[in-house]
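Enquirer: Please see the structure below; I have some questions.
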Amino acid sequence: MTSMTKAELRERAQTNRSSLRVDHGRICAGLEHFLAGLTLVSSQRRWVVTFAAMPGEPDLAGLVDRPNIGSLALTRTPEEGRVLSVHPADAERELHRWGYSQPVSGAPIVPDADIAVVLVPGLAFDRQGGRLGFGAGFYDRFLSRLGPDVMRVGVSDGFIVAEVPTDDHDVAMTHLATEAGVMALPLDGKHE
């Protein structure tokens, strides 16, 4: 059992984030290698969902226009409510009030049933697949809508802890992407 609450771990992660030097290019290269090895285009589930980075998050813009990773989609955070929608990455964009570019309201929707992989941002991850977000629950709601066969890849800036406190509604990651590459979870201790 962890001794930190989610709020305490969030504060620690945000403080730590300001001192990290993340090689976004290495994270993108590792994700590209991993995604290129999957056979997404031969099945109905072919969309890879990514995110537009908020300040301090790993920037995955380097994945755009990589034809060997499948069809790329982006999440859209609504101005009201807490339900993410998913749209083709080449959809028209607008600036969200939190400082990132996202698909405009009314952009074509990617159906949940067509999603194969979701790249998930987080403040902290653990070796068992636990993820700590900012606390609004956008991604947990989104991931809970998807089938169990959808890969959930936590994209880490390197802040990996022994244990992330979790609640019943939290959705575990199946993989973790870092500067070292993409690893299946849970980790066995050999990837430190």
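The values are calculated or read from the model by the stated rules, or taken from the named source; none is laboratory data. Keep in mind the model is a prediction, meaning the values are calculated, not measured. Glycine gets a Cβ as well: all are built from the backbone with ideal geometry, and neighbour counts include every protein chain shown.
Conditions (1) out of contact with any helix residue (DSSP H, G or I) (no Cβ under 8 Å at 6 or more places or on another chain); (2) at negative phi; (3) modelled with pLDDT under 90, marked per residue:
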site	(1), (2), (3)
Asn68	no, yes, yes
His87	yes, yes, no
Ser101	yes, yes, yes
Val117	no, yes, no
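Enquirer: Could you please find all residues in region 45-102 being polar (S, T, N, Q) and farther than 24 Å from Arg10 by Cβ? Can you show your working first?
Expert: From region 45-102, those polar (S, T, N, Q) are 50, 68, 71, 75, 77, 85, 101-102; that's our starting set.
Residues satisfying the conditions are Asn68, Ser71, Ser85, Ser101.
Enquirer: Which is part of a helix (DSSP H, G or I), of a type in the set (Lys, Arg) and either within 19 Å of the chain's Cα centre (by Cα) or under 27 Å from Leu146 (Cβ atoms) (or both), of Arg12, Arg26? Before the answer, list the steps.
Expert: On the way: Arg12 fails: either within 19 Å of the chain's Cα centre (by Cα) or under 27 Å from Leu146 (Cβ atoms) (or both).
Within the list Arg12, Arg26, the selection yields Arg26.
Enquirer: Please work out which residue is surrounded by the fewest Cβ atoms within 10 Å (Cβ to Cβ), limiting yourself to region 164-189 and to residues that are in a strand (DSSP E or B), in contact (Cβ under 8 Å) with a residue 60 or more places away in the chain and not β-branched (Val, Ile, Thr).
Expert: Filtering region 164-189 down to residues in a strand (DSSP E or B) leaves 175-178, 181-184.
Now narrow it down to the ones that are in contact (Cβ under 8 Å) with a residue 60 or more places away in the chain: 175, 177-178, 181-182.
Now narrow it down to the ones that are not β-branched (Val, Ile, Thr): 175, 177, 181.
Working: His175: 19, Ala177: 24, Gly181: 15.
Taking the candidates together, the pick is Gly181.
Enquirer: Return yes when Asp157 is in a loop (DSSP other than H, G, I, E, B), surrounded by 13 or more Cβ atoms within 10 Å (Cβ to Cβ) and charged (D, E, K, R) and no when it is not. It would help to see each step written out before you state the result.
Expert: Details: in a loop (DSSP other than H, G, I, E, B): yes; surrounded by 13 or more Cβ atoms within 10 Å (Cβ to Cβ): yes; charged (D, E, K, R): yes.
Criteria met by Asp157.
Enquirer: Inside region 145-171, can you point out the residues that are modelled with pLDDT of 95 or more and small (Gly, Ala, Ser)?
Expert: Once the filter is applied, which keeps residues that are modelled with pLDDT of 95 or more and small (Gly, Ala, Ser), region 145-171 yields only Gly154.
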